[in-house]
1. In whole Hz and in residue order, list the ³J(HN,Hα) couplings for the stretch 210-224 that follow from phi through the Karplus curve 6.51 cos²θ - 1.76 cosθ + 1.60, θ = phi - 60°; x for Gly and Pro.
2. With r defined as the distance between the Cβ atoms of A224 and T194 and R0 fixed at 22 Å, what FRET efficiency is calculated, to the nearest 0.05?
3. If each of D40 and D178 carries a label point 7 Å out from its Cα toward its Cβ, how far apart are those two points in nm?
4. List the residues whose amide H sits under 5 Å from the amide H of R44, counting only those 5 or more places along or on another chain, with H placed 1.01 Å from N in the peptide plane.
Amino acid sequence: MGNLSKMMQRAAAGRPSGGLPADQYFTDFSEYSTGVFPSDWTARLDGFPATVETYTGATGGQALVAPMGAGVSGGPHVAEWDEVPHAADVEIVMRARTGDSGNDGFVYMLARADNLAVDRTSYRGGGRTVSLAAITYLSPSYNQLVAQSVTGSANEWLWVRFRVNGTSLKVKQWRDVDSEPSAWTAETTDSNLTEAGAAALFIWNFEEPEQVIDVFGVGLNGDAAPMTALG
């Protein structure tokens, strides 16, 4: 049942030319067993101490949850979905919430992360309840490319969409009670990283209050990241 669910969620409408399957991936974590880390994800670098749990308000009734006081401080903590191929052009969308409004208390998304077994070299998009940023990691240092203030509150469901296409980096965030805005919140260009890499989740500090990832969608090679299950 779980494998069939994942296959259905990875299926998508054909491309306009050639009828090839679209490069879209989606999970709301409802296909996974509870109480454990999702079976086809890999925890990278300093680990990712989160488990799939039944969660009120989650899209499919379950979410990936890092409980309050998980006890692991300074990161990087990374989770990579093994089903998603590495690509240079990627869009990621996520629905998440956190009990914290500080700098380290939210989940970010990584793109073009091509060596996660060793370091965090990648583009990092997303932010926190009060600000949004696109960052390039040239491990071990990083450079904040662009940042923008946003509206959000602790313990509120927020959506974040992050797109890396060529040298273009774009990111936007909106509240779950609002419609997705057509405009990007912040955008910039950078040419430091050009190779294909993983699309992944990133949390810096697991000592923060509870952090919850409900939806994780990925679109590769120009496809949009889906916000709902594909059929």
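1. 3, 10, 10, 10, 9, 10, 9, x, 9, x, 10, 6, x, 7, 6
2. Details: r = 22 Å, r/R0 = 1.00.
Efficiency for this residue pair is about 0.50.
3. 3.4
4. V78, A79, E80
Any read-out appearing in this document is the output of simple, stated calculations on the displayed coordinates, not a laboratory observation. Note that the structure is a prediction, hence the values are computed from the model and not measured. Backbone-built Cβ (ideal geometry, glycine too); neighbour counts: all protein chains shown.
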